[in-house]
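Just below is one structure, and these are the notes that go with it.
Just so it is clear, none of the values below were taken in a lab; they were calculated from the coordinates. None of the values given here were measured: they were computed from a predicted structure. Note that each Cβ is placed from the backbone with ideal geometry, even for glycine, and that neighbours are counted across all protein chains shown.
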Amino acid sequence: MLYSPAKMAIVFVIARDWTLRTAVRAELRELGIEALGMESAEDVVRALGAGQMPAVVVLEGTAENAGEPAVQKLIERVPTVLIASRTETLPQLLSRPEGAAGGPRIAAIFYRPVRIAEIVARVRELLERGTAA
């Protein structure tokens with residue numbers, strides 16, 4: 001069944017790994033969910049500047065992209081599905097518990113290796129439950 005909200009929700013897929021970014025984006029779009037693929041914080045800033053606000057963020061949790069101020073501000077406001085490596089050192093922001101003052105809104109953390117279907121299922125759940133911003 002296609003996802004058909006009254007107002008089309010947008011999902012930001014932020015990942016330097018193009019295979020992760022394109023696979024998640026393709027699966028979401030196949031379900032009728034608008035997904036924008038982004039490689040860097042600059043892409044996030046451009047999208048936000050153009051008036052695009054995501055309902056959910058899928059974030060490849062590398063120190064390089066999760067440490068960017070624009071990305072940190074975004075994940076404080078929007079439910080985030082984090083894809084992490086067990087060996088990656090993440091910024092201090094991500095280690096604060098959800099709901100803490102200024103803390104991130106991490107809705108789920110998946111550790112690599114992860115199936116794209118698991119990520120997409122969690123995003124769909126967030127959108128369908130209406131917990132997205």
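Applying the criteria of a DSSP loop state and at most 12 other Cβ atoms within 10 Å to the GluC sites (Glu not before Pro) of the stretch 12-74 yields no site.
Net length available on complete extension from Met53 to Ala26 is 7.8 nm, with 0.36 nm assigned per residue and the Cα-Cα distance removed.
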